[in-house]
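Written out below as structure tokens is the structure these notes cover.
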Amino acid sequence: MTLSLIPADISPLFAGVMVFCSFLTSALTAAMGLGGGTALLAVMGLGMPVASLMPVHGMVQLGSNLSRTLIQRMYVVWPLVLWFLLGSAVGIALGAPLAAAIPDSLARIALALFILWTVFHKRSEAKPTNKLFFVIGGGISSIGTMIVGATGPMVAGLISSQGLKRQPLIATHATCMVLQHGLKILAFGLMGFAWAAWLPVLIAMIISGALGTWLGSRLLDNLPEKLFRVVFRVTMLLLSLQLLWQGAQGWMG
């Protein structure tokens, strides 16, 4: 009975790892405001085919960001969300054919490089921007989300350029990610992804993620942020190197 609840693409053990990591990474996001989606994508990428990785990760992140949006809804800057949505709709449409055509090995290499960039690059100081720039940013990040999945850090950088304080920044970021992941899920559905096979695992990951968000906001906020950032970066480095190795093996093989 247990095996019937697990897709053929993964083992029951790895399914359990995914559910547990959904909890941990949601707690990470609750404590740091960012980073959980990238961490979860890196872990999922170690044991899932890329064809399933992007849609499944998108659905889990939709649930995670939706809970934050509902809790922080009074802080959402809706004009920014609208501009972002306009760009995202175009970006998803352009990114869908690329997601269907890109080889698995190349996608893993791109994913690893993207994770390394989001974790280790130096962010520039916040600068005022305009509506057109925000629309273009939504489009570019949405093309990226169809290929590498976790564009949360990229979107957060775009929103932070507006000079928002912590609560409006987190609330607006979560809402933008809900829309982006929602469009991505729709695109993968139209492309024929078999959601039914993943439904039990998805439900378990969304529930564990919600619990992680709830507990993380209470248990992890008091721990030193510097410690979190060091552990996070080391973990991302090791996982990215593993993904690069997998991609290189597939590319050369």
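Work out from phi, with θ = phi - 60° and the Karplus expression 6.51 cos²θ - 1.76 cosθ + 1.60, the ³J(HN,Hα) of each residue of segment 207-215, listed in order in whole Hz, and give x for Gly and Pro.
5, 5, x, 5, 5, x, 4, 5, 6
What's the Kirkwood radius of the chain in Å, using all Cα pairs? Kindly include the intermediate steps, with their values, before the conclusion.
Numbers: mean 1/r = 0.0548 Å⁻¹.
After inverting the mean inverse Cα-Cα distance, the result is 18.2 Å.
Enter the accessible area per residue of segment 1-103 (Å², integer; probe 1.4 Å; all protein chains in place).
Values: 4370 Å² over 103 residues.
For segment 1-103, the per-residue accessible area is 42 Å².
May I ask you to evaluate 6.51 cos²θ - 1.76 cosθ + 1.60, the Karplus curve with θ = phi - 60°, for each residue of segment 105-115 and list the ³J(HN,Hα) values in order in whole Hz, giving x for glycine and proline?
5, 5, 5, 5, 5, 4, 4, 4, 5, 5, 4
In nm, to one decimal, how far is the modelled label at residue 227 from the one at residue 242, with both set 7 Å along Cα→Cβ?
For residue 227 paired with residue 242, the spin-label model returns 2.3 nm.
What does the highest-first list of 35-41, 110-116, 238-244 look like by mean Cβ count within 10 Å? Don't jump to the answer; show the numbers that get you there.
Values: 35-41: 25.7, 110-116: 21.0, 238-244: 17.4.
Going from most to least packed, we get 35-41, 110-116, 238-244.
With the convex hull built on the Cα atoms of segment 164-211, state its orientation-averaged projected area in nm². Each step should come with its number before you reach the end.
Values: hull surface 16.6 nm².
That works out to 4.2 nm².
Per residue of segment 158-174, what does 6.51 cos²θ - 1.76 cosθ + 1.60 with θ = phi - 60° give for ³J(HN,Hα)? Whole Hz please, x for Gly and Pro, Karplus curve as stated.
Whole-Hz 3J(HN,Hα) from phi for segment 158-174: 4, 6, 5, 5, 7, x, 6, 7, 4, 5, x, 5, 5, 5, 5, 4, 4.
Could you calculate the FRET efficiency of residue 93 with residue 117 from 1/(1 + (r/R0)^6), where r is the beta carbon distance between them and R0 is 35 Å, rounded to 0.05?
On the way: r = 24 Å, r/R0 = 0.70.
Calculated value: 0.90.
Using a Förster distance of 35 angstrom, determine the FRET efficiency expected from the C-beta separation of residue 5 and residue 71, and round it to 0.05. It would help to have the intermediate numbers written out before the result.
Values: r = 30 Å, r/R0 = 0.85.
The value I calculate is 0.70.
In the chain, which longest range has no trypsin sites (Lys or Arg not before Pro) that are both DSSP loop (not H, G, I, E or B) and surrounded by at most 15 other Cβ atoms within 10 Å? Intermediate results must be reported in sequence, preceding the final value.
Numbers: sites that count: 122, 123, 165.
For trypsin sites (Lys or Arg not before Pro) (loop position, at most 15 other Cβ atoms within 10 Å), the longest site-free span of the chain is 1-121.
State whether segment 140-229 is rounded, prolate or oblate according to the following rule on the C-alpha gyration tensor (a ≥ b ≥ c being the square roots of its eigenvalues): a/c under 1.5 gives rounded; otherwise a/b larger than b/c gives prolate, and the remaining case gives oblate. The partial results should precede the final answer.
Values: a/c = 2.43, a/b = 1.29, b/c = 1.89.
Judged from the Cα gyration tensor, segment 140-229 comes out oblate (a/c at least 1.5, b/c at or above a/b).
Relative to the present Cα-Cα distance, how much length would full extension add between residue 46 and residue 133 at 0.36 nm per residue of separation?
Values: separation 87, 0.36 × 87 = 31.32 nm, distance 3.47 nm.
Additional length available on full extension: 27.9 nm.
Between 76, 50, 230, which gets the highest mean-square fluctuation from a Gaussian network model of the chain, Cα cutoff 10 Å?
230
Calculated FRET efficiency, residue 214 and residue 86, Cβ-Cβ r, R0 25 Å, to nearest 0.05?
On the way: r = 33 Å, r/R0 = 1.32.
Computed FRET efficiency for residue 214 and residue 86: 0.15.
Pulled fully out, how much extra length does the chain show between residue 197 and residue 235, if you take 0.36 nm times their separation in residues and subtract their Cα-Cα distance?
Numbers: separation 38, 0.36 × 38 = 13.68 nm, distance 2.99 nm.
The residue 197-residue 235 span can extend by a further 10.7 nm.
The values are calculated or read from the model by the stated rules, or taken from the named source; none is laboratory data. Every value quoted in this text rests on a predicted model; they were computed, and no experiment measured them. For neighbour counting, all protein chains shown are included, and Cβ atoms are generated from backbone atoms with ideal geometry for every residue, glycine included. Areas reflect the complete protein model, heavy atoms only, side chains present, ligands, DNA and RNA absent. Shrake-Rupley method; radii C 1.70, N 1.55, O 1.52, S 1.80 Å.
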